[in-house]
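*Asks:* There's a structure below that I have some questions on.
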Amino acid sequence: MISVVILGAGNVATHLFKAFNKADNIIVNQWFNRNLKSIEAYKNKVDITDDLSTLKDADIYILAVSDDAIAELSSQIPFENRLVVHTSGSVSVYDIDKKHKRGVFYPLQTFSKDAEMDFKNVPICLETINKECYATIKNLAVAIGSPKKELMETNVKYCI
Ligand SMILES: NC(=O)c1ccc[n+]([C@@H]2O[C@H](COP(=O)([O-])OP(=O)(O)OC[C@H]3O[C@@H](n4cnc5c(N)ncnc54)[C@H](OP(=O)(O)O)[C@@H]3O)[C@@H](O)[C@H]2O)c1
């Protein structure tokens, strides 16, 4: 079982929540957004919070927030040495606070909240700084059905 905490409640976060929620071997321990209203509709399915000091333990913290919020929000997570990934294709993995194990989980797809999404058709670009973390995010991508496909820009970037 892979446990995740989602941070953010926009297009990407919402589709990821739905996909994680459907997968047998993923559990969403918590969903954070700075504005609770956006996730209130899900409160019977998942623990929701707008308070970073109450963040729960998880294998992976997913920052699905606006590109310019990634660095600051990552620094506000009140833990160290956890695996924290963002979902952007245009922000460096190094923008995540260095107190974390850092990575990228970038779906190669344009999302809109209302359109149905099947991750079987969505390759996900994966990147981790620590090699041992790569398997964890790869397993997460596989668990939501992302297709396997090689795309290597550097030796630390992968796409499945
Ligand atoms: N949209 C796409 O097609 C797509 C595809 C692949 C990857 N991505 C990447 O995925 C990430 C999320 O994109 P999105 O389209 O889901 O964004 P979005 O729909 O605009 O949602 C942005 C989310 O970020 C939160 N946020 C913004 N500024 C914040 C701050 N300073 N502190 C905390 N939270 C903040 C917003 O909170 P509020 O609800 O409170 O405003 C909202 O939940 C981005 O990195 C984007 O590049 C997007």
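*Asks:* Could you tell me which of the residues L36, L108, L52, L126 is surrounded by 17 or more Cβ atoms within 10 Å (Cβ to Cβ) and touching a strand residue (DSSP E or B) at 6+ places or on another chain (Cβ under 8 Å)?
*Replies:* L126
*Asks:* Answer yes or no as to whether S66 is on the phi < 0 side of the Ramachandran plot, open to solvent by 10 Å² or more (accessible area, probe 1.4 Å) and more than 13 Å from the chain's Cα centre (by Cα). Give the steps one after another, and end with the answer.
*Replies:* Values: on the phi < 0 side of the Ramachandran plot: yes; open to solvent by 10 Å² or more (accessible area, probe 1.4 Å): yes; more than 13 Å from the chain's Cα centre (by Cα): no.
It is false that S66 is on the phi < 0 side of the Ramachandran plot, open to solvent by 10 Å² or more (accessible area, probe 1.4 Å) and more than 13 Å from the chain's Cα centre (by Cα).
*Asks:* Would you mind stating whether K45 is at pLDDT 95 or above, in a loop (DSSP other than H, G, I, E, B), more than 11 Å from the ligand (Cβ to nearest atom) and in contact with a helix residue (DSSP H, G or I) (Cβ under 8 Å, 6 or more places away or on another chain)? Show your work before the answer.
*Replies:* Numbers: at pLDDT 95 or above: yes; in a loop (DSSP other than H, G, I, E, B): yes; more than 11 Å from the ligand (Cβ to nearest atom): yes; in contact with a helix residue (DSSP H, G or I) (Cβ under 8 Å, 6 or more places away or on another chain): yes.
Here the answer is yes, as K45 does meet what is asked.
*Asks:* For the stretch 50-63, check the following and say yes or no: at least one residue is within 11 Å of the ligand (Cβ to nearest atom) and under 22 Å from N139 (Cβ atoms).
*Replies:* Within the stretch 50-63, one or more residues are within 11 Å of the ligand (Cβ to nearest atom) and under 22 Å from N139 (Cβ atoms).
*Asks:* Looking at V46, V4, can you tell me which residue is touching a residue at least 40 places away in the same chain (Cβ under 8 Å), buried (at least 17 other Cβ atoms within 10 Å of the Cβ), β-branched (V, I, T) and in contact with a strand residue (DSSP E or B) (Cβ under 8 Å, 6 or more places away or on another chain)?
*Replies:* None of the others qualify; the one that does is V4.
*Asks:* OK, next. Looking only at the stretch 16-33, which residues are open to solvent by 10 Å² or more (accessible area, probe 1.4 Å) and assigned to a helix (DSSP H, G or I)?
*Replies:* K18, A19, N21, K22
*Asks:* Can you tell me which residues in the stretch 89-102 are touching a strand residue (DSSP E or B) at 6+ places or on another chain (Cβ under 6 Å) and farther than 11 Å from C133 by Cα?
*Replies:* G89, V93, I96, H100
*Asks:* Turning to a different aspect of this structure: Assigned to a loop (DSSP other than H, G, I, E, B) and under 21 Å from D59 (Cβ atoms), is that true of G145?
*Replies:* In short, yes.
*Asks:* Quick check, is A13 of a type in the set (G, A, S), within 14 Å of the ligand (Cβ to nearest atom), out of contact with any helix residue (DSSP H, G or I) (no Cβ under 8 Å at 6 or more places or on another chain) and open to solvent by less than 10 Å² (accessible area, probe 1.4 Å)? Break it down stepwise before answering.
*Replies:* Values: of a type in the set (G, A, S): yes; within 14 Å of the ligand (Cβ to nearest atom): yes; out of contact with any helix residue (DSSP H, G or I) (no Cβ under 8 Å at 6 or more places or on another chain): yes; open to solvent by less than 10 Å² (accessible area, probe 1.4 Å): yes.
In short, yes.
*Asks:* Restricting attention to the stretch 18-33, which residues are within 15 Å of the ligand (Cβ to nearest atom) and either touching a strand residue (DSSP E or B) at 6+ places or on another chain (Cβ under 6 Å) or within 22 Å of Y134 (Cβ to Cβ) (or both)?
*Replies:* Within the stretch 18-33, A19, F20, Q30, W31, F32 qualify.
*Asks:* Within the stretch 90-110, restricting attention to residues that are of a type in the set (F, W, Y) and under 16 Å from L7 (Cβ atoms), which residue is farthest from the ligand (Cβ to nearest atom)?
*Replies:* F105
*Asks:* Conditions first: (1) part of a helix (DSSP H, G or I); (2) open to solvent by 60 Å² or more (accessible area, probe 1.4 Å). L73 passes all but one, so which condition is the exception?
*Replies:* Result: L73 fails condition (2) only.
The values are calculated or read from the model by the stated rules, or taken from the named source; none is laboratory data. Everything quoted here is computed from the prediction, not taken from an experiment. Note that each Cβ is placed from the backbone with ideal geometry, even for glycine, and that neighbours are counted across all protein chains shown. These area figures cover heavy atoms from the full protein model, side chains too; ligands, DNA and RNA do not enter into them. Shrake-Rupley method; radii C 1.70, N 1.55, O 1.52, S 1.80 Å.
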